[in-house]
Amino acid sequence: MPARLLVVDDLESARLLVTLVLRRQGFEVAEADNGRAALAALAVQPADVVLTDLEMPEMDGLALLRELKARYPETPALVLSAHDDTLRVLTAIREGTLFGYLVNPVEPTVLTLAVNRALEFVRFQAIARDADRVTAMRELAATTADRILNPPGAALLVARRLPNGVDAAAGAELAQRLTQMTSQIQAVVQQMARIFRYAPQTIYGTLRQIDLTEATLPPTSDGKPTMTGPVTGGLQ
């Protein structure tokens, strides 16, 4: 799927020129003629990169950049500035609201290079997020077995120690402890579900296809399986 760009400029001829260049490079391009229209368009369909002029009615480019930073902090913005926009560009740089800027009229090759550089930035951000999620999954997996297996194990110990004739008080205490332990297990499972939901597909895609009752560990270097049959221990 091609990257989606949003070009914002109140001057139709300038906007169409930039749009034409980018569409010829295979990008999907949407247009807006001021900052408010740009925000409305982004609310309907987000963009991978925003390219904006600075001098516009209703909401100028600097105000738009501030809104983009607040609402879409991971979306890079490129400014297409005129020579007399230096002070505004410097303000945007100081505020950290723009990814880069180009001086109009811009060469098509320079424009395409700047957009591709911004898209690379988006891609690296996604890789970093995925790495963080994988780290979270590993940390969770390291403790999940104990956190799930310990509560029912403790409940079994309590149940075995009770005499055959369980009085009402002892039964109520056992029921309360079982309820608490069940809640602990549910909390762990819900946490795992949240992490897997936001993890990259390449990480967890095969995990959903594993039947844990028949799971086996990978073979060792000599080709022999390290374990066969049902998994009875914790996560490896």
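Every read-out reported here was derived from the displayed coordinates using simple, explicitly stated rules and does not represent laboratory data. Not measured: the values here are computed from a predicted model. Cβ coordinates were reconstructed from backbone atoms using ideal geometry, including for glycine residues, and neighbour counts include every protein chain displayed.
A few comments on the model shown:
- FRET efficiency estimate (nearest 0.05) - Cβ-Cβ, A187 to T86, R0 45 angstrom: 0.25
- Nitroxide proxy distance, nm - points 7 Å out along Cα→Cβ at F124 and M1: 2.4
- Summed side-chain charge close to T109 - residues other than T109 whose Cβ falls under 14 Å, Lys, Arg +1, Asp, Glu -1: +1
- Counted over all Cα-Cα pairs of the stretch 4-106, pairs farther apart than 17 Å make up 44 percent.
- Total formal charge among the other residues, if their Cβ is under 10 angstrom from that of V18, Lys/Arg +1 and Asp/Glu -1: -1
- Legend: ranking of residues V50, V89 from fewest to most surrounding C-beta atoms inside 10 Å; resulting order V89, V50.
- Per-residue Cβ neighbour rank within 10 angstrom, fewest leading, I185, I127: I127, I185
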